[in-house]
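Taking it in order: structure first as C-alpha cells, then the write-up.
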Amino acid sequence: MSEGGSSSGTTSEEVQDHHHHHGGGDGAVDPTLYPSPAAAMAAPPEQLGYVALLDPDALAVVDLDPGSASYGEVVSTWQPPAQDSPDEFHHFGWNVCSSALGGGHAGHSDLRRRYLLVPGIRSSRIYVLDTLDDPRQPVLVHTVEPEELLGRSGYSRPHTVHCGPEGLFVSTLGAASQDGTGGPAGIFTMDHSSFAVQGPWEADRGDQMYAYDFWWHMDAGVLMASEWAPPPLYENGVVPEALLGRQYGHRLHFFDLASRKRIDVVDIGDQHQMALEVRPAHDPAKSYGFLGVVVDVTNLASSIWTWFEEAGRWQARKVIEIPAVPTEASELPPLLQGFGAVPPLVTDIDLSLDDRYLYVSCWGLGELRQYDVSDPFSPVLAGQVELGGIARNRAHPSGRPFGGGPQMVEVSRDGSRLYFTNSLYSTWDPQFYPEGVPGVMVKADATPGGGLALDPDFYVEFPGHRAHQVRLQGGDCSTDSFCASR
C-alpha cells in the first residue's frame, strides 16, 4: 500500500494536485450546483447514468441522451483492482452537490461535482473515481483502504455517501471489528479534496447502535438517521428468527447538525422492522420527510411514515400501508412458504425535487408506485407500473424478462423520468428470488399531473452482474440538498 492510504498509487497530495490542474479553481462555479430545487429542475436533462454493479463489483456508465447513437447502452464499465474478496458495491455518491453553495464552502469556485465515491460494504474500502476529463470513462484516482477507514472512523461497512455543506458524510453499517459488532455503527466525515477520513461525526449519539441511511433539514439544522441491523443479521441473508424476534432496527434518530448531538429519537414500534430510507423534503424551509419501512411482522405489510416537528418534539406518523398479497405456498420461495403471502418489501423510496411525488419500490410485489404527497400526511396513489415480482413475475413491455422487482429508483431532476434496477443485496436476492436476479436497468416516464408508464424501448442489461444504485450526471433526487427555497 502506498503512502496516503491509496492502493491506486496516488497520495492525498497528488489527488489535490490533480484537482487543481483539471478544472479546479478557474473561477467558474460548477453549473450543476443549484441554489434551489426549482433551479435544478430547470437545468438541462441528464446525459449519463452511473450504475453500481455487484457480483462481481463494477461501475457501469449508461448513455441517457435520447439524441445519442449509443442511447440506452453501456458505454463503459469500470472494475476495481482485483481483491481477495468482494467489495459489494451498493450505494455511492458525489464529492460535492448543491449543498456546497452554503456552509463553509460558499463561493469556493474550485468545488466541482466530479468525483464519485464508491464504497464497498464488505471490504470497508472506498474508491474515488474522477469523471471530469471523460464523464463516460471514470478513472480511479484514490482508494481509501479499510485500515484507514476503520482506524480513523471507528466504523466499518460504509453505506451511504452524502455531500454536505461542511464536507463529505458517510454512514456505516458496523463497528470497527471483524464481524462489525461490539460497538455502534454511525456516520464519519471525509475531507472534500484529499478524501482523508477525518473521524466519527457524532459527538453524542445516546443509545443508538444501528445505522443505515441519513439526511438533513438544512434550515432546521437537524440530521435524521435510520437503522437496519447489526452485520450478523444481514450479511449472510435475512435471519427469519431474528426478524420475528423483532431484532432489526425500528427507530429514527434526530441530531443537531451544529453540536452533532442526538436531540430526539422516534421509535415507530418494534413490529415495524427495518426502518431504512429517509427522504426529507427538498425545500430547505420545510422540516418533514418520509421514512420507508420494510415489513410489519404482524401482517407482512410495508409502510411509509412522515416525520415532523410539533411542540418542540420530533414525531412520525404512518401515512401509507401496503398490504401483503396472499399466495399459494407452491408459488413462494422457501423463506416465505410458511407465511402464505408475498410481502411488498418496500426497499427504496425517492422524492421528486418539487416535493410532490414520492416513488415507492415494492421489490417483493414487483410494483413501483407513485404517490402524490402534496399533503405529506395524506398521500394519494397517482400511478403504478408492474414489473418482476415474486409470485406474478411480469415481463418488461418489450417482452424481455425482469428478475427480482423494482428496487433502487432514481428520479430525474425535472421529475419526468425514473430509472430503476432490480437487485437488493447479494445474500438476500436468492432468498426471495431463487431463480436469480440478472442485472437490468429500465425506465418509466412520469406524466405531468400524475401517472407512470414503462418505456418499452429502454432496457439495459449488465451481463454477468447484478445492478443496484443509479446516479445521474449533474445530480438527482436522492443526491442533492439545497440552500434556497426558490
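Potential lengthening of the chain between ALA203 and GLU147 amounts to 17.9 nm, from the contour at 0.36 nm per residue minus the alpha-carbon distance. Phi-derived couplings, Karplus 6.51 cos²θ - 1.76 cosθ + 1.60 at θ = phi - 60°, listed residue by residue for the range 74-89: 6, 9, 6, 9, 9, 10, x, x, 4, 10, 5, 9, x, 7, 6, 5 Hz, with x used for Gly and Pro.
Annotation: for a label point projected 7 angstrom from Cα along Cα→Cβ of GLU461, no residues of the range 338-376 have a backbone N closer than 12 Å.
In this simple spin-label approximation, GLN83 and LEU335 carry label points 7 Å from Cα along the Cα→Cβ vector, and these lie 2.3 nm apart. Note on ARG400 and ASP256: their simple-model spin labels are 5.3 nm apart, each label 7 Å out from Cα toward Cβ.
The stretch between ARG246 and ASP219, if pulled fully straight at 0.36 nm per residue, gains 6.2 nm over its current Cα-Cα span. Excluding same-chain neighbours fewer than eight residues apart, the lysines reachable from LYS318 by a Cα-Cα span under 23 Å are LYS286. Scanning the chain for cysteines with no neighbouring cysteine C-beta under 4.7 angstrom from their C-beta gives CYS362, CYS477, CYS483.
Work out the charge dipole of the range 12-472 with +1 on the Cβ of Lys and Arg and -1 on the Cβ of Asp and Glu about the Cα centre, then indicate which of TYR371, LEU168, TYR127 is farthest towards its positive end. Highest projection toward the positive end goes to TYR371. For the range 177-224, the relative contact order works out to 30 percent when only alpha carbon pairs closer than 8 Å and six or more residues apart are counted. The magnitude of the dipole of the range 204-276, with charges of +1 and -1 set on the Cβ of Lys/Arg and Asp/Glu and taken from the Cα centre, is near 100 debye.
Taking 0.36 nm per residue of separation and subtracting the Cα-Cα distance, full extension of the segment from ASP133 to ALA311 would add 59.0 nm.
The ranking of LYS261, LYS443 from fewest to most other beta carbons within 10 Å of each one's beta carbon is LYS261, LYS443.
Note on SER374 and SER76: their simple-model spin labels are 4.4 nm apart, each label 7 Å out from Cα toward Cβ.
Counting Lys and Arg as +1 and Asp and Glu as -1 over every other residue whose Cβ lies under 13 Å from the Cβ of LYS286, the net charge comes to -3. Using all Cα-Cα distances in the chain, what percent lands in each 20 angstrom bin from 0 up to the longest? Taking every Cα pair in the chain, the percentages come to 25, 62, 12, 0.
The simple Förster model, with R0 at 51 Å and r as the Cβ-Cβ distance, assigns ALA43 and ASP179 a FRET efficiency of 0.70.
Sorting the segments 242-250, 463-471 by their mean number of nearby beta carbons within 10 angstrom, highest to lowest, gives 463-471, 242-250. The simple Förster model, with R0 at 30 Å and r as the Cβ-Cβ distance, assigns ASP65 and GLN384 a FRET efficiency of 0.60.
Each value in this text was obtained by applying a stated rule to the coordinates, not by laboratory testing. Because the structure is a prediction, the values reported are computed rather than measured. Every residue, glycine as well, gets a Cβ built from its backbone with ideal geometry; the counts of neighbours run over all protein chains shown.
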